[in-house]
Amino acid sequence: MTLSGKLGSSSRPVRIAIIGAGPSGFYAAGALLQQKDAHVSIDLFDRLPTPYGLVRYGVAPDHQKIKSVTRIYERTMKDSRVRYFGNVDLGTDITHAELISCYDQIVYAVGAQSDKRLGIPGEDLKGSFSATEFVAWYNGHPDFCHFQFDLSVESVAVIGVGNVAMDVTRILAKSVAELKTTDITDYALEELKESKVKRIHIFARRGPVQAKFTNPEIRELGELEIADVIVNPADLVLDAASQAEMEGDRTARRNIETLQMLAERGPTGKPKQIIFHFLRSPTEITGEAGAVSAITTEKNALQETGTGYIACRGIGSYTEYDVGLVFRSIGYRGVPIPGVPFYDRWGIIPNEKGRVTIDHGDAVVPGEYTVGWAKRGPTGVIGTNKPDAVETVKLMMEDVKNAAAPLPVDGFATNRSVPHTDGHGRPGDIMSLLNNKGVNFVSFADWQILEQIENERGERRGQPRVKITDVDEMLRLIQSAREEPVLP
Ligand code: NAP
């Protein structure tokens with residue numbers, strides 16, 4: 001006998017899968033749990049055993065305060081309506097069709113896992129990396145821990161002036177003493193200990209007012225133990241359009257004040273130098289024996305566009321800088337998921353305020369939603385994902401309200417145009433699906449075993465944690481703890 005119940009009733013909660021356990025996934029779960037009008041049951045998936053996405057693998061190791069946001073996410077996981085399935089990769093371990101056979105609604109919170117390209121010659125030479133790769137490496141992301149960066153070179157180029165560029169620069173410019181109390185990985189610290197990098201050239205294609213970094217990040221550069229910041233005072237002479245832009249933008253005003261202070265201070269004899277070059281676009285990366293040896297940049301002039309955006313254009317004056325490494329820090333972009341729409345131009349999942357659409361500006365895909373960077377592109381800080389998730393969740397709840405009612409307890413919302421049962425008219429059960437496929441999924445309790453091990457190792461060494469970076473090791477540790485639980 002099947003009991004019937006309206007979708008969202010206590011007898012028939014809305015079954016929701018959230019793909020991606022980073023900040024945007026957790027904020028979506030948090031917003032869903034606060035809904036008073038609908039009962040929900042949430043499964044949060046991540047392709048890695050470890051949750052927290054960019055908080056763990058993106059936020060810089062010397063920014064521990066930002067990482068404390070995971071306490072809020074832990075509270076979300078304490079709610080019995082939420083389950084965690086780590087080590088489950090959508091597209092490999094479970095297909096899109098299988099996923100929709102198990103849930104009424106799916107939320108893609110997959111972030112932006114790749115990077116934008118400069119599109120200039122030499123970009124693929126050995127020694128030319130995306131900042132994403134370097135960040136993921138020093139933060140111990142399992143997919144990147146085997147990368148090698150030749151830090152025996154004296155000069156490095158960082159392209160772009162966003163906060164990621166600031167993170168990369170800071171990590172390259174900090175002393176071992178400054179880094180060793182962070183949760184940077186051991187292998188990265190070992191490499192940085194031997195680093196011969198003396199000059200970090202930062203190239204901004206536009207002017208200082210248009211720089212994307214926020215003020216604490218630029219101020220932090222000025223406070224480093226072993227690195228001076230070099231700013232050319234001439235770069236801080238603003239044209240009328242930049243002056244007007246700055247007056248309406250508090251962050252830009254404070255950034256200019258900080259840059260002026262740094263320009264006045266000049267070099268103080270510290271062993272490393274961080275050199276800002278404004279109004280310079282890279283045009284070519286050249287190499288010797290297949291590896292980066294120099295970067296050529298073209299001088300730019302700013303140009304008003306009439307839309308309020310101040311663009312730049314090359315003015316044909318070129319300068320070559322000797323560098324042995326290049327880090328492109330010009331923004332992230334999404335990666336398509338098999339079966340899920342993707343708008344290649346913007347590198348996002350096409351959507352209308354969070355409802356996934358078939359293409360950009362096209363019809364809605366029923367029951368599928370997106371949040372975070374996958375929804376809006378790689379902008380904003382961690383907290384930006386909260387209102388973003390609330391916007392999507394509001395639409396999800398509207399769709400629940402409008403779903404056909406009542407439903408059999410085992411049935412799905414009928415406003416979906418996609419097949420959504422196991423072929424027998426019953427919703428699939430994710431546990432048995434994963435078990436039948438032999439997927440070794442990780443629960444939140446399993447993750448907490450790893451977390452405890454990492455924290456204990458860290459405590460012994462005066463670090464917040466010592467990250468486990470190998471997925472097999474993570475799974476081994478979890479397995480042995482499952483077999484021999486530690487008694488209280
Ligand atoms: P971002 O803030 O968008 O900065 C990208 C930079 O690359 C900009 O300076 C941009 O210049 C430049 N750029 C883009 N295309 C270029 C090209 N073809 N040639 C030369 N330069 C180019 O991106 P992000 O640094 O990757 O950061 C992503 C998001 O994460 C941001 O919202 C950031 O604030 C956030 N984040 C925050 C923190 C923190 O709070 N501490 C840390 C890391 C990241 P234009 O302005 O001219 O386009």
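The values are calculated or read from the model by the stated rules, or taken from the named source; none is laboratory data. Computed from a prediction, not measured in an experiment: that's the story for all the values here. Neighbour counts are summed over all protein chains in view; Cβ atoms, including those assigned to glycine, are modelled from backbone coordinates with ideal geometry. Side chains are part of the model used for accessible areas, which takes the heavy atoms of the whole protein and leaves out ligands, DNA and RNA. Shrake-Rupley method; radii C 1.70, N 1.55, O 1.52, S 1.80 Å.
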I'd like the full set of residues that are within 20 Å of the chain's Cα centre (by Cα) and either surrounded by fewer than 24 Cβ atoms within 10 Å (Cβ to Cβ) or more than 16 Å from the ligand (Cβ to nearest atom) (or both), limited to segment 322-331.
I330, G331
Would you point out which residue out of D183, D239 is open to solvent by less than 20 Å² (accessible area, probe 1.4 Å) and more than 15 Å from the ligand (Cβ to nearest atom)?
D183
First in segment 161-185 and free of Cβ contacts under 8 Å to residues at least 40 places away in the same chain, second anywhere and within 16 Å of the ligand (Cβ to nearest atom) and open to solvent by 10 Å² or more (accessible area, probe 1.4 Å), Cβ under 6 Å, 6 or more apart
none
More than 30 Å from E98 (Cα to Cα), open to solvent by less than 60 Å² (accessible area, probe 1.4 Å) and more than 12 Å from the ligand (Cβ to nearest atom): does that describe V340?
no
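Checking the condition within 12 Å of the ligand (Cβ to nearest atom), open to solvent by 10 Å² or more (accessible area, probe 1.4 Å) and in the same structural domain as I202 (by TED's automatic domain parsing), which residue from S281, S317 passes?
S281
Could you grab me the full set of residues in segment 83-102 that are assigned to a loop (DSSP other than H, G, I, E, B) and open to solvent by 10 Å² or more (accessible area, probe 1.4 Å)? Lay out the reasoning, then the answer.
Step one: filter segment 83-102 for residues assigned to a loop (DSSP other than H, G, I, E, B), giving 87-89, 91-93, 95, 101-102.
Answer for segment 83-102, where residues must be assigned to a loop (DSSP other than H, G, I, E, B) and open to solvent by 10 Å² or more (accessible area, probe 1.4 Å): N87, D89, G91, T92, D93, T95, S101.
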Test set (1) outside any helix (DSSP H, G or I); (2) more than 14 Å from the chain's Cα centre (by Cα) - T76 fails condition number:
(1)
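Would you tally the residues in segment 130-170 being hydrophobic (A, V, I, L, M, F, W, C), within 30 Å of E473 (Cα to Cα) and more than 14 Å from the ligand (Cβ to nearest atom)?
Pass one, segment 130-170, residues hydrophobic (A, V, I, L, M, F, W, C): 131, 134-137, 144-145, 147, 149, 151, 153, 156-159, 161, 164-166, 168.
Within this subset, residues satisfying the condition of being within 30 Å of E473 (Cα to Cα) are 131, 134-137, 144-145, 147, 149, 151, 164, 168.
The next check asks that each one be more than 14 Å from the ligand (Cβ to nearest atom); those that pass are 137, 144-145, 147, 149, 151.
Residues flagged as hydrophobic (A, V, I, L, M, F, W, C), within 30 Å of E473 (Cα to Cα) and more than 14 Å from the ligand (Cβ to nearest atom) within segment 130-170 amount to 6.
Yes or no, residue by residue, for (1) open to solvent by 10 Å² or more (accessible area, probe 1.4 Å); (2) in contact with a helix residue (DSSP H, G or I) (Cβ under 8 Å, 6 or more places away or on another chain); (3) of a type outside the set (A, V, I, L, M):
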| residue | (1), (2), (3) |
| --- | --- |
| P142 | yes, yes, yes |
| H146 | yes, no, yes |
| V153 | yes, no, no |
| V156 | no, yes, no |
| G162 | yes, no, yes |
| D167 | yes, yes, yes |
| I171 | no, yes, no |
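Would it be correct to say that R476 is touching a Gly at 6+ places or on another chain (Cβ under 6 Å), open to solvent by 40 Å² or more (accessible area, probe 1.4 Å) and either more than 17 Å from T70 (Cβ to Cβ) or at pLDDT 95 or above (or both)? Can you show your working first?
Numbers: touching a Gly at 6+ places or on another chain (Cβ under 6 Å): no; open to solvent by 40 Å² or more (accessible area, probe 1.4 Å): yes; either more than 17 Å from T70 (Cβ to Cβ) or at pLDDT 95 or above (or both): yes.
Taking the combined requirement at face value, the residue does not satisfy it.
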